[in-house]
1. Out of all the residues in the range 79-86, is one or more within 19 Å of residue 37 (Cα to Cα) and not hydroxyl-bearing (Ser, Thr, Tyr)?
2. Could you give every pair whose Cβ atoms fall below 6 Å, whose first residue belongs to the range 61-87 and is touching a residue at least 60 places away in the same chain (Cβ under 8 Å) and closer than 15 Å to residue 13 by Cα, and whose second residue is of a type in the set (Gly, Ala, Ser) and part of a helix (DSSP H, G or I), counting only separations of at least 6 or pairs across chains?
3. Could you tell me which of the residues 45, 71 is basic (Lys, Arg) and touching a helix residue (DSSP H, G or I) at 6+ places or on another chain (Cβ under 9 Å)?
4. Looking at the range 4-12, is at least one residue within 23 Å of residue 127 (Cα to Cα), touching a residue at least 24 places away in the same chain (Cβ under 8 Å) and not polar (S, T, N, Q)?
5. Criterion first (under 25 Å from residue 133 (Cβ atoms) and in contact (Cβ under 8 Å) with a residue 40 or more places away in the chain) does residue 28 satisfy it?
6. May I ask you to list the residues in the range 114-130 that are under 15 Å from residue 36 (Cα atoms) and of a type outside the set (S, T, N, Q)?
7. For the range 110-125, state whether one or more residues are modelled with pLDDT of 90 or more, more than 20 Å from the chain's Cα centre (by Cα) and surrounded by 15 or more Cβ atoms within 10 Å (Cβ to Cβ).
Amino acid sequence: MEKNDIEYFDRARFNMKLCYAIGWGLWMGLYILNNLFTDVNDNIKLGMAALFFVFSMIYCVLMIKIIRINKKIQADPDLKAALDNEYYSWLENKAMIVGFYVFGGVSGVMMVVSVIIPVSTYLACLIISYLGVLSTLTASVIFHRK
C-alpha cells in the first residue's frame, strides 16, 4: 500500500461524504417543502415531484458509491488501519455531538413555535429530524476537510 492510495481513498471518502450531505439535504429538504406547501398549484407540485425524483436518484447513486468505497477500504487491512484511526473516530463522535445538540435545540424551538402557531406533528418531526441529521453530516464534512 502506498501513500497515494491512502490519500486517494481519504479524498474519495471526503468527497462522497460532502456529496452525501448535499444530496440528502436537497432530497429531504424538498420532501419537507412538499409537505409544507400542500395548497399550491398542481404544476408546482409536479415540478417538485420531478425534482424530488431526480434528487432521490442522485442520493441513491451516491449511496452506492459510498458503499463501494467503504468495501474497498474494509478489504485492505493496512488501508483500513491508516484511514480509520482514533482521530477519525474522534471527529465522527464530535460531529454526532453537534447533531445531538442541534436536535435538542430544534426540538425546543419547535415546542415554542407550536404554542404560538399550530404546527402538524408530522411536519415538526420531519423538520427536527432533518436539521439534526443535516447538522451531523455538515459537521462531519467540516471537521474532516483538509
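1. Checking the range 79-86: not a single residue is within 19 Å of residue 37 (Cα to Cα) and not hydroxyl-bearing (Ser, Thr, Tyr).
2. Taking only residues 6 or more apart or on different chains, the pairs are 69/12.
3. The match here is 45.
4. no
5. It is true that residue 28 is under 25 Å from residue 133 (Cβ atoms) and in contact (Cβ under 8 Å) with a residue 40 or more places away in the chain.
6. If the condition is that a residue be under 15 Å from residue 36 (Cα atoms) and of a type outside the set (S, T, N, Q), then 117, 118, 119, 122, 123, 124, 125, 126, 127, 128, 130 are the ones that fit.
7. yes
The values are calculated or read from the model by the stated rules, or taken from the named source; none is laboratory data. Just so it is clear, the model here is predicted, and its values are computed rather than measured. As a convention, Cβ positions derive from the backbone with ideal geometry for all residues, glycine included, and neighbour counts pool all protein chains shown.
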